[in-house]
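The values are calculated or read from the model by the stated rules, or taken from the named source; none is laboratory data. If you're wondering where the values come from, they're calculated on a predicted model, not measured in any experiment. Counting neighbours? That spans all protein chains shown, and the Cβs are built from the backbone with ideal geometry, glycine included.
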Ligand code: GUN
């Protein structure tokens with residue numbers, strides 16, 4: 001079997017187009033404020049792409065880049081100010097934060113109405129109670145990929161590999177809401193391959209390069225790769241890519257020093273899965289598209305509520 005590749009670009013563009021059409025008829029301009037603390041390299045790239053996409057779609061974006069020495073008290077005060085600012089519709093504090101700041105304390109401070117990441121305890125609770133909630137962008141994007149690719153979710157066995165607050169846990173809940181039978185696996189799971197081989201839909205979000213091998217995948221499954229890792233080792237690259245891709249990847253390593261690889265071994269997934277999301281060009285693009293969607297949703301709700309309509 002050669003898996004069909006599910007293009008994140010195509011689906012992300014569809015969603016961004018829909019958001020742009022909605023923005024065009026709004027009687028106000030929405031504002032998204034992104035807060036970044038310190039110099040984490042990956043965070044700089046992610047935030048750059050969030051700001052750029054906001055601007056492309058006509059969302060006003062504000063980027064607050066704070067020094068790594070910012071104290072927790074200072075950051076709490078900044079969030080509090082953003083909570084009370086009438087022109088700000090969405091607040092996103094990019095994670096990870098420097099070690100001296102308690103992430104939970106910050107996430108708890110973000111007003112649930114402006115929490116476009118869906119990380120505040122109120123939104124997490126609402127999601128678990130199947131109430132209307134702003135859902136975390138990456139797992140919400142995975143659901144969009146599945147639905148828009150006509151991959152059945154209801155009644156199927158979905159296995160989520162990873163239990164993070166950002167992806168694994170909300171992913172499991174969103175799949176459950178779509179009536180999948182859901183299993184969550186993690187680093188302490190015994191007989192992992194035995195469980196993942198039962199998955200009709202396998203979502204990998206563990207942050208371990210190429211961890212999911214052919215033996216973990218049921219023939220004909222849908223494999224969603226949420227991981228983003230750097231590979232610079234040429235021998236490792238040979239294990240990960242088949243002849244259709246290897247040369248291009250080796251060129252990328254030569255030029256940039258690394259190539260992006262997910263949590264799934266793409267060569268082996270292509271041989272066993274029916275559908276597979278690539279890295280790069282898969283789930284990652286959906287995260288930003290869903291953030292735009294959440295921002296407009298938050299803006300509409302808050303501004304319409306404010307007007308008492
Ligand atoms: N770090 C990694 N992914 C995310 C995300 O979706 N939102 C935020 N705020 N930080 C992240």
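Taken together, the residues in region 9-38 that are out of contact with any strand residue (DSSP E or B) (no Cβ under 9 Å at 6 or more places or on another chain) and either farther than 21 Å from residue 227 by Cβ or in contact (Cβ under 8 Å) with a residue 12 or more places away in the chain (or both) amount to 19. Exactly one residue out of 287, 277 is away from the ligand (no atom under 16 Å from the Cβ), closer than 18 Å to residue 143 by Cβ, in contact with a helix residue (DSSP H, G or I) (Cβ under 9 Å, 6 or more places away or on another chain) and at pLDDT 95 or above: that is 277. The residues of region 278-296 that are in contact (Cβ under 8 Å) with a residue 60 or more places away in the chain and under 15 Å from residue 211 (Cα atoms) amount to a single one, 278.
Here region 216-236 is the region considered, the condition is being without any contact (Cβ under 8 Å) to a residue 24 or more places away in the chain and in a helix (DSSP H, G or I), and the residue that is surrounded by the fewest Cβ atoms within 10 Å (Cβ to Cβ) is 235.
When you check residue 23 against the structure, is it modelled with pLDDT of 95 or more and either over 21 Å from the mean Cα position of the chain (by Cα) or in a helix (DSSP H, G or I) (or both), yes or no? Considered against the rule, which asks whether it is modelled with pLDDT of 95 or more and either over 21 Å from the mean Cα position of the chain (by Cα) or in a helix (DSSP H, G or I) (or both), residue 23 comes out as yes. Look at (1) away from the ligand (no atom under 16 Å from the Cβ); (2) under 18 Å from residue 103 (Cα atoms); (3) crowded, with 18+ Cβ neighbours inside 10 Å and you find that residue 69 fails only one, number (3).
Yes or no: residue 113 at pLDDT 95 or above and away from the ligand (no atom under 12 Å from the Cβ)? It is true that residue 113 is at pLDDT 95 or above and away from the ligand (no atom under 12 Å from the Cβ). One residue stands out among those in region 134-153 that are part of a loop (DSSP other than H, G, I, E, B) and within 15 Å of the ligand (Cβ to nearest atom): the one that is farthest from residue 302 (Cα to Cα), which is 136. Annotation: residue 162 fulfils all but one of (1) under 23 Å from residue 14 (Cβ atoms); (2) buried (at least 20 other Cβ atoms within 10 Å of the Cβ); (3) more than 11 Å from the ligand (Cβ to nearest atom); the unmet one is (1). Among the candidates 74, 62, the residue that is under 22 Å from the mean Cα position of the chain (by Cα), more than 13 Å from the ligand (Cβ to nearest atom) and modelled with pLDDT of 95 or more is uniquely 62. Checked against (1) surrounded by fewer than 18 Cβ atoms within 10 Å (Cβ to Cβ); (2) free of Cβ contacts under 8 Å to residues at least 40 places away in the same chain; (3) within 14 Å of the ligand (Cβ to nearest atom), residue 96 passes all but condition (2). Could you say whether any residue in region 33-54 is within 16 Å of the ligand (Cβ to nearest atom), part of a strand (DSSP E or B) and under 16 Å from residue 294 (Cα atoms)? Looking through region 33-54, at least one residue is within 16 Å of the ligand (Cβ to nearest atom), part of a strand (DSSP E or B) and under 16 Å from residue 294 (Cα atoms). Those residues that are surrounded by fewer than 17 Cβ atoms within 10 Å (Cβ to Cβ), assigned to a loop (DSSP other than H, G, I, E, B) and in contact (Cβ under 8 Å) with a residue 12 or more places away in the chain, I need them from region 99-132; list them, please. Scanning region 99-132 gives 100, 102, 130. For the condition surrounded by 14 or more Cβ atoms within 10 Å (Cβ to Cβ), under 21 Å from residue 119 (Cβ atoms), at pLDDT 95 or above and more than 16 Å from the ligand (Cβ to nearest atom), residue 175 qualifies.
Could you please find all residues in region 169-194 being within 23 Å of the chain's Cα centre (by Cα) and either assigned to a loop (DSSP other than H, G, I, E, B) or on the phi > 0 side of the Ramachandran plot (or both)? Answer for region 169-194, where residues must be within 23 Å of the chain's Cα centre (by Cα) and either assigned to a loop (DSSP other than H, G, I, E, B) or on the phi > 0 side of the Ramachandran plot (or both): 178, 179, 180, 186, 187.
Restrict the check to region 253-266 and report whether at least one residue is farther than 26 Å from residue 133 by Cα, assigned to a loop (DSSP other than H, G, I, E, B), within 16 Å of the ligand (Cβ to nearest atom) and in contact with a strand residue (DSSP E or B) (Cβ under 9 Å, 6 or more places away or on another chain). Yes, region 253-266 contains at least one residue that is farther than 26 Å from residue 133 by Cα, assigned to a loop (DSSP other than H, G, I, E, B), within 16 Å of the ligand (Cβ to nearest atom) and in contact with a strand residue (DSSP E or B) (Cβ under 9 Å, 6 or more places away or on another chain).
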